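Take a look at the structure set out below.
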Amino acid sequence: MKTKSNLLLLLALPMLMSCGGDGNGAASVPAGVDTAAVVYDNIMTRRSVRKYKPQPVERAKMDSIVACGINAPNGQNRQAYEVRIVDDADFIDGLTKVYVESNPKAAAEPGFKNMFRNAPTVAFIAADTSYDMSVIDCGLLGGNMVLSAWSMGVGSCCLGSPTRFMLETPAAKPYLDKLGFSDGYKLLYVIGFGYPDETPAAKPRRTDMVRYVD
């Protein structure tokens, strides 16, 4: 389904419309654009990326990605999440050093640069622990972020192991503290962002777990 025109539209749409739409429940798109085809193509072609070019994602572009994230649906409009974006190499490299000290085999992996699958820009997402549905809201937020990023030529990878390490390793606590999450919020997961330096192939998806109930 991917076409050259669709790819061009994927790159152009973020500049042509805001993630919040026109305020009346519809996205502002140019006349004649097959929005459904573009959105479908973006979702179906998006892949998790684990090899990145070294430059961080521009902050203006990350602003757009985050804007798409916080415009995701969320329970009671509580927006029960907090997001911290880190593109500071000292932070990423310093935390990675702590990680390697605890996991020396990690640095032996070919091409290893940092613990975030080598991503130069990292989003840390925390959930409000006082709201039992906040983890769902955080998932919707992240889904919007990775899909909007892909439409802008930015790859991503959702990561759980760095979260576990940061929460369970005392030596990582200064880095967790530096993120400055509010009281009652707990780091839930991490998303690495960057410009892809690979083109991952699609992996098979199961469909047997889906059925209609009459």
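The values are calculated or read from the model by the stated rules, or taken from the named source; none is laboratory data. Here the structure is a predicted model, which is why all the values come from computation and not from measurement. Ideal geometry is used to build each Cβ from the backbone, glycine not excepted, and the neighbour counts take in all protein chains shown.
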Any residue at all in segment 92-109 that's part of a loop (DSSP other than H, G, I, E, B) and either at pLDDT 95 or above or β-branched (V, I, T) (or both)?
no
Scanning segment 152-183 for residues that are part of a helix (DSSP H, G or I), aliphatic (A, V, I, L, M) and touching a residue at least 24 places away in the same chain (Cβ under 8 Å), the one surrounded by the most Cβ atoms within 10 Å (Cβ to Cβ) turns out to be M166
Restricted to segment 76-91 and to residues being in a helix (DSSP H, G or I) and more than 12 Å from T121 (Cβ to Cβ), the residue modelled with the highest pLDDT is D90
Expected output for segment 124-142 (first residue touching a residue at least 24 places away in the same chain (Cβ under 8 Å) and under 10 Å from G69 (Cβ atoms), partner of a type in the set (D, E) and part of a strand (DSSP E or B), Cβ below 8 Å, 6+ apart or cross-chain) is I125/E82
If you go through V38, V57, the only one that is in a loop (DSSP other than H, G, I, E, B), hydrophobic (A, V, I, L, M, F, W, C) and surrounded by 15 or more Cβ atoms within 10 Å (Cβ to Cβ) is V57
Checked segment 30-55 for anything small (G, A, S), touching a helix residue (DSSP H, G or I) at 6+ places or on another chain (Cβ under 9 Å) and more than 15 Å from G153 (Cα to Cα); matches are A37
Within segment 184-198, the count of residues that are touching a Pro at 6+ places or on another chain (Cβ under 9 Å) and either in a helix (DSSP H, G or I) or small (G, A, S) (or both) comes to 2
For segment 71-93, the count of residues that are under 13 Å from S182 (Cβ atoms) and in contact with a Leu (Cβ under 7 Å, 6 or more places away or on another chain) equals 2
Check on F112, assigned by TED's automatic domain parsing to the domain that holds I85, more than 20 Å from A72 (Cα to Cα) and not in a helix (DSSP H, G or I) = yes
Pairs returned, first residue in segment 65-79 that is in the same structural domain as S148 (by TED's automatic domain parsing), second residue that is exposed (fewer than 14 other Cβ atoms within 10 Å of the Cβ), beta-carbon separation under 6 angstrom, 6 or more apart or interchain, are N71/G20
Exactly one of A201, A119, A149 is over 20 Å from E101 (Cβ atoms), outside any strand (DSSP E or B) and modelled with pLDDT under 95, and that residue is A201
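Every residue, every condition in (1) hydrophobic (A, V, I, L, M, F, W, C); (2) within 22 Å of the chain's Cα centre (by Cα), yes or no:
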{"residue": "S161", "(1), (2)": "no, yes"}
{"residue": "R164", "(1), (2)": "no, yes"}
{"residue": "L167", "(1), (2)": "yes, yes"}
{"residue": "K173", "(1), (2)": "no, no"}
{"residue": "K186", "(1), (2)": "no, yes"}
{"residue": "F193", "(1), (2)": "yes, yes"}
{"residue": "D197", "(1), (2)": "no, yes"}
{"residue": "R205", "(1), (2)": "no, yes"}
{"residue": "D214", "(1), (2)": "no, no"}
Just wondering, is there one or more residues in segment 166-181 that are at pLDDT 95 or above and within 22 Å of P73 (Cα to Cα)? yes
